[in-house]
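*Asks:* This is the structure I want to talk about, given as C-alpha cells.
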Amino acid sequence: MLSVRDLGVAFGAVEPLSGVSFSVEKGETIGIVGESGSGKSLTAMSVMGLLPLIGGRITGGKIVFDGQDLTDLPERAYRKLRGGRIGLITQNPMTSLDPLKKIGPQVDDVARLHLGMDATQARARTVEILGTLRIPEPALICERYPHQMSGGMKQRIVIAMALAADPDVLIADEPTTALDVTVQAQIIRLLDDLVKQRNLALVLITHDMSVVAQTCDNVVVMYAGRAVEYGPVETIFDRPRHPYTQALIACIPRGLEETARLTGIEGTVPTVINYPKGCPFHPRCARAEAICATDPPDFSVEGDSAAACHFAEVAHAQPA
Ligand code: SF4
Ligand code: MG
C-alpha cells in the first residue's frame, strides 16, 4: 500500500534524513521508532508531502502509494491525498482541530470534502464513526467545542476526522505522547482495532518500544536520520542485532509496559551540525571499535531483517 525506498531529505546543504526504507500493507502496522531527533517526524512529513512547507526537499529515493510515486506529485494532487486517502494524526490534537468550531461540523466537513457527501449523509457518518471510536453519546458530542473535551477525547475526534475520509493509510506521529498513561493505552488499543476492522495500513511513529511490541507487525529503528535496523517485530525483539535497538529494548521496564519511557541511553542523538563520521551511533555505543569512528556500516541482512552495524553478526548475544 505504501512503500518508502531509500528516502533522502535535505534542507539547503544539510541532509538530516537518508537511506530510509519501509513498507506497509493494508491490515498491517509498521512502527518507526527512535528518540526525538532521529528523523521520525521528518519521515512522516515527507510522506505527507509537507516538506516544502518547512523548506525541505526530497533528494533521493521513492515514496510509492498504491502504485503511484508521490515524490514528484504536484501540490494540487497532494492536497486530495492528504487528509483523504492518507490520514495524519499528530501528537497535539489542537493542530488538527478548530477551537472555534463544534466537533460535529469539523468531522462532517471531511466526508463532505473527500467523499462528496451532503450534510445529512456526512452527519450520519460522523455519528457512526464516533460510536466505533467508543465515544459515548456521539450526537451530543457533535454539539460540543474542542475545549469542552479531555485530551484523550480530542485525540479520538482527530482520529474520527482521519477516518471520515475513508483512508487507506494512517500515519500516527506520537499520537499518545501528550496523554496520560491510561488514556495512552486506550488510544493505542483503538488504533490497533481500527487496523483490523477497517483494513488500514498504519504507520505508527513512537519513541516507545513497548508500544511497538504491543501493536506492530514490522519495525524500523531510526537513529540520527538513518534507519539502523528493520524487520518483523518478533525477530527484532528476539534477536536485536544493532546495539541501539538492544539499548531501546533494554529500556523497557519489564512488567510496567504502559509507563515505559526511553530514558536509559546515555548521551544524545547527534544533529546534522555535529554529525559523526563512521557509524552515527559510535559516540554512544558500548561496543564501538576503531572502525566505527571511520567507516559507516552497511546493512547486514539476515532473513527479513537487517542491521547497520559492523558487528551485527556477533553483537546479538546479549542486550547492551
Ligand atoms: Fe556500535 Fe560500531 Fe555497530 Fe555502530 S557499527 S552500532 S558504533 S558497534
Ligand atoms: Mg517527532
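*Asks:* Once both labels are modelled 7 Å past Cα along the beta-carbon direction, what's the Ala293-Leu73 spacing in nm?
*Replies:* 4.5
*Asks:* For region 92-247, what are Rg and Dmax over the alpha carbons, in angstrom?
*Replies:* Over region 92-247's Cα set, Rg and Dmax evaluate to 17.3, 55 Å.
*Asks:* A further question follows. Show me 165-176, 46-57 ranked by packing, highest mean number of other Cβ atoms within 10 Å first.
*Replies:* Details: 165-176: 21.9, 46-57: 16.2.
The densest-packed peptide leads the list: 165-176, 46-57.
*Asks:* Show which lysines lie in cross-link reach of Lys154 when reach means a straight Cα distance below 29 angstrom and same-chain residues fewer than eight apart are skipped.
*Replies:* By straight Cα distance, Lys154 reaches Lys26, Lys40, Lys80, Lys101, Lys102, Lys196.
*Asks:* Give, in nm to one decimal, the length gained when the segment between Phe11 and Glu25 is fully stretched (0.36 nm per residue of separation minus the Cα-Cα distance).
*Replies:* Values: separation 14, 0.36 × 14 = 5.04 nm, distance 3.01 nm.
Result: 2.0 nm gained on full extension.
*Asks:* In debye to the nearest 20, how big a dipole does region 86-164 give about its Cα centre with +1 on each Lys and Arg Cβ and -1 on each Asp and Glu Cβ?
*Replies:* 140
*Asks:* State the antiparallel share, in %, of DSSP beta bridges confined to the chain, rounding to the nearest 5.
*Replies:* Percent antiparallel among DSSP bridges in the chain is about 60.
*Asks:* Counting Lys +1, Arg +1, Asp -1, Glu -1, what net charge surrounds Ala306 among other residues with beta carbon under 11 Å of its beta carbon?
*Replies:* -3
*Asks:* Determine, for each peptide in 210-218, 108-116, the mean count of other beta carbons within 10 angstrom over its residues, then list the peptides with the highest first.
*Replies:* Output ranking for 210-218, 108-116: 210-218, 108-116.
*Asks:* Now for a separate question. Could you list, bin by bin from short to long, the percent of Cα-Cα pairs of region 86-164 in 5 Å steps?
*Replies:* 3, 18, 31, 28, 16, 4, 0
*Asks:* Show me 58-71, 300-313 ranked by packing, highest mean number of other Cβ atoms within 10 Å first.
*Replies:* 300-313, 58-71
*Asks:* Here's a follow-up. Would you work out the charge dipole size for the chain about its Cα centre, treating the Cβ of every Lys and Arg as +1 and the Cβ of every Asp and Glu as -1, and quote it to the nearest 20 debye?
*Replies:* Charge dipole of the chain: 780 debye, to the nearest 20.
*Asks:* Based on Cα positions only, what radius of gyration and what Dmax would you give for the chain, in angstroms?
*Replies:* Every Cα atom of the chain included, Rg and Dmax give 20.1, 67 Å.
Taken together, the values in this text are just the output of simple stated rules run on the coordinates, not laboratory data. As the structure is a prediction and not an experimental result, all values here were calculated from the model. So basically every Cβ, Gly included, is an ideal-geometry build from the backbone, and we count neighbours across all protein chains shown.
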